[in-house]
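What follows is a short report on a single structure.
The values are calculated or read from the model by the stated rules, or taken from the named source; none is laboratory data. These figures come from a predicted structure and were not determined experimentally. Please note: Cβ atoms are built from the backbone with ideal geometry, for glycine as well, and neighbour counts cover all protein chains shown. Note: areas computed on protein heavy atoms with side chains; ligands, DNA, RNA excluded. Shrake-Rupley method; radii C 1.70, N 1.55, O 1.52, S 1.80 Å.
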Amino acid sequence: MAEVVEKVYEQVVARNRGETEFHQAVREVLDSLAPVIAKHPHYADDALLERIVEPERQVIFRVPWVDDAGNVQVNRGFRIEFNSALGPYKGGLRFHPSVNAGIIKFLGFEQIFKNALTNQAIGGGKGGSDFDPHGRSDAEVMRFCQSFMTELSRHIGPSTDVPAGDIGVGGREIGFLFGQYKRLRNSYDAGVLTGKGLGWGGSLVRTEATGYGTVLFAQSMLATKGQSLEGKRVAVSGSGNVAIYAIEKAQQLGATPITFSDSSGYVVDEAGVDLDLLKQVKEVERGRVADYVSRRPGARLVTEGRVWDVPAEVALPCATQNELGGAGAATLLRNGCAVVAEGANMPSTPEAIEAFQAAGILYAPGKAANAGGVATSALEMEQNAGRTRWSFETAEAKLTGIMADIHDSCVAAAEEYGRPGDYVLGANAAGFTRVADVMIAHGIV
Ligand code: NDP
């Protein structure tokens, strides 16, 4: 790494002790920026790099709530407003027991560049809580969401900060959060949250957008080699929002997804995933992957090892950060995997990324491949502001166009900085330069 970016990285580590996921995300971006700074040294002026790695604002708050047994529970809430150069802070809320400041900071940092890649007017932010919705009743989830929003409402707004869903936060949680916001503000600010229900300001295609976009990105990468997804075996991890709609789009494009997973294990279904059954188990019943296997002859549940042990030509990690390590990457490559597109945020470890790049396969980082979700959130904001509603076809056509543009921006930036086909460099360089140019225009703020 060039000296200037090395210094910034050292400061980040010293200032954000123990926040290893944040260090990892910053390191990856700064590594990519070395050739950008070498060609355009002004991007290192006026402490621009030091400013971009420091959140504009971080809020950490107590979330007290009462469970069904009458016990008081206390969780911790976070909202990290990272960068507002391009527009209101935008990024999801994650409810998962692993959530801490470092996780939210890494997600918020990634979000800056992802949102810039979409070419829409959205800044970067992220939030969440160490609350675990698994096994909680609807009433408990509602009381938690109401308490969480009671504090969060002070910090967000349609022109300030617009949260959405992420792990553990789907339509149910967004509904409870919006209801409390509306009550506190006495104002129907539909644009304050995205991922809303279709009957109250949500956008068609938002539910599908992240998974669909990830697969569209994989298809664009394959097209550069004159290939397509048609007939390819696809390994998918996760079984939540992103995984389900990645499977759906892959099937629509003629591929055969054969796996999915949750924290209890992974499922192999050689005949191809039965999507209706998967949706029933996960979206309707909020069940575990074993509930799919018990109703699907031929499918098997594996509780040892990783989904990456299953031979596939395409891998779509759609669960969580650092779920695909060096060993998983080596197995995928040995079994002939030629395409990896990240539906999750930072699912591949640095060792895995190095292996994919050394092997010369098509590898797309999450900030490019999964940007369809936030892009469609911005389309939801646009519809809310215009008090209008687009058809599924209109929204999907816009998503398809945005994903194609992101792909082409990554390809062009990788070529400009001398590493054709390097989507990591391409995504980081294209996203960074868009944000950096605006930060320069806004002065030292
Ligand atoms: P969901 O909560 O809908 O699903 C998450 C899935 O991943 C579940 O199957 C869950 O299993 C599994 N999972 C989560 N954490 C772990 C873990 N520590 N170990 C093993 N499995 C785990 O979340 P999403 O589908 O929305 O999000 C998945 C990923 O995609 C995340 O990285 C998120 O940041 C990213 N993303 C999401 C976007 C969106 O629009 N939703 C947009 C862009 C990125 P279990 O239920 O057992 O925990």
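Quick one: putting +1 on the C-beta of Lys and Arg, -1 on the C-beta of Asp and Glu, what dipole do you get for the chain around its Cα centre, in Debye to the nearest 20?
920
Amide H neighbours of Asn100 under 5 Å, at least 5 residues apart or on other chains, H built in the peptide plane: list them.
Amide H neighbours of Asn100: none.
Going down the list Lys39/Lys225; Lys7/Lys90; Lys249/Lys398; Lys196/Lys279; Lys7/Lys39, which pairs span over 23 Å between their C-alpha atoms?
Listed pairs above 23 Å: Lys39/Lys225; Lys7/Lys90.
What FRET efficiency, computed as 1/(1 + (r/R0)^6) with R0 = 51 Å and r the Cβ-Cβ distance, is obtained for Glu285 and Ala223, rounded to the nearest 0.05?
Efficiency, from the Cβ-Cβ distance: 0.85.
Lys and Arg at +1, Asp and Glu at -1: add these up for the other residues within a Cβ distance under 9 Å of Val66 and post the number.
Here the charged neighbours net out to -2.
Using only the alpha carbons of the range 55-188, what is the convex hull's orientation-averaged projected area in square nanometres?
Its Cα hull, projected and averaged over all orientations, spans 7.6 nm².
Counting only protein heavy atoms, what percent of the accessible surface of the range 108-206 is carbon or sulfur at a 1.4 Å probe?
Ligands and nucleic acids excluded, carbon and sulfur give 47 percent.
For the range 212-309, report the translational diffusion coefficient in µm²/s to the nearest whole number, using Stokes-Einstein at 20 °C, 1.002 mPa s, and a Kirkwood Rh over Cα pairs.
158
For the range 112-127, what does the Karplus curve 6.51 cos²θ - 1.76 cosθ + 1.60, with θ = phi - 60°, yield as ³J(HN,Hα) per residue in whole Hz, taken in order and with x for Gly and Pro?
For the range 112-127, the Karplus curve yields 4, 7, 4, 5, 4, 4, 6, 6, 10, 8, 9, x, x, x, 7, x Hz.
Gaussian network model of the chain, Cα springs within a sub-10 Å range: biggest mean-square fluctuation belongs to which of Gln251, Gln111, Gln280?
Taking springs between Cα atoms under 10 Å, the residue moving most is Gln280.
If each Cα of the range 138-265 is one equal point scatterer, what is log10 of I(q)/I(0) from the Debye formula at q = 0.17, 0.21 Å⁻¹?
With no solvent term, the Cα-only Debye profile gives -0.90, -1.12.
From the phi of every residue in the range 288-299, what ³J(HN,Hα) in whole Hz does the Karplus formula 6.51 cos²θ - 1.76 cosθ + 1.60 yield, where θ is phi - 60° and glycine or proline is x?
Rounded to whole hertz, the list is 10, 5, 4, 5, 6, 4, 5, 10, 10, x, x, 7.
Local charge sum around Thr224 (other residues, Cβ-Cβ under 14 Å, Lys/Arg +1, Asp/Glu -1)?
Result for the neighbourhood of Thr224: -2.
Could you give the semi-axes, largest first, of the ellipsoid that matches the range 1-54, computed as the square roots of 5 times the alpha carbon gyration tensor eigenvalues and rounded to whole Å?
Largest first, the range 1-54 gives 19, 11, 8 Å.
What's the FRET efficiency of Ala2 with Asn71 using the Cβ-Cβ distance as r and R₀ = 60 Å, to the nearest 0.05?
FRET efficiency, Ala2 to Asn71: 0.65.
Using a probe radius of 1.4 Å on heavy atoms only, what accessible surface per residue do you get for the chain? Whole Å² is fine.
Dividing the accessible area of the chain by its residue count gives 38 Å².
Tell me, in nm to one decimal, what length is gained between Val445 and Ser263 on full extension, where the rule is 0.36 nm per residue of separation less the Cα-Cα distance?
61.3 nm
Obtain the nm distance between the two label points defined at Gln252 and Val13 by a simple spin-label model: each point lies 7 Å from its Cα along the Cα-to-C-beta direction.
So the label points at Gln252 and Val13 sit 4.4 nm apart.
Taking the chain as a Gaussian network, where each spring joins two C-alpha atoms under 10 Å apart, which residue of Ser348, Ser409, Ser187 fluctuates the most?
Answer for the Gaussian network model of the chain: Ser187.
So what's the gap between the Cα centers of the range 389-445 and the range 247-303, to the nearest angstrom?
Cα centres, the range 389-445 to the range 247-303: 33 Å.
Find the relative contact order for the range 1-54 and round it to a whole percent, using C-alpha pairs within less than 8 Å whose residues are 6+ positions apart.
Relative CO of the range 1-54 lands at 45 percent.
Give the Debye-formula value of log10 I(q)/I(0) at each listed q (0.10, 0.12 Å⁻¹), with one equal scatterer per alpha carbon of the chain, two decimals each.
Here log10 of I(q) over I(0) equals -0.67, -0.99.
Per-residue HN-Hα couplings for the range 420-429, Karplus 6.51 cos²θ - 1.76 cosθ + 1.60 at θ = phi - 60°, whole Hz, x for Gly and Pro?
Once rounded to whole Hz, the list reads x, x, 8, 6, 5, 4, x, 5, 5, 5.
Using Cα pairs closer than 8 Å and at least 6 residues apart in sequence, work out the relative contact order for the range 55-188, in percent.
After rounding, I find 28 percent.
Roughly what would the spin-label model give for Leu198 and Arg62, points 7 Å off Cα along C-beta, in nm?
About 4.3 nm separates the two model spin labels.
Once amide H atoms are placed 1.01 Å from N in the peptide plane, what residues at a sequence separation of 5 or more from Val66, or on another chain, have their amide H within under 5 Å of its amide H?
Result for Val66 returns Gln73.
Which percent of the accessible heavy-atom area of the range 209-369 goes to carbon and sulfur, probe 1.4 angstrom?
Carbon and sulfur atoms account for 48 percent of the accessible area of the range 209-369.
Going 7 Å from the Cα of Thr331 toward and past its Cβ, which residues in the range 264-282 have a backbone nitrogen under 14 Å from where you end up?
Within reach of a label on Thr331, which here means backbone N under 14 Å from a point 7 Å along Cα→Cβ, the range 264-282 contributes 265-268.
Which of Asn186, Asn241, Asn384 ends up with the largest GNM mean-square fluctuation for the chain, with Cα atoms connected below 10 Å?
Among Asn186, Asn241, Asn384, the largest mean-square fluctuation in the Gaussian network model of the chain belongs to Asn186.
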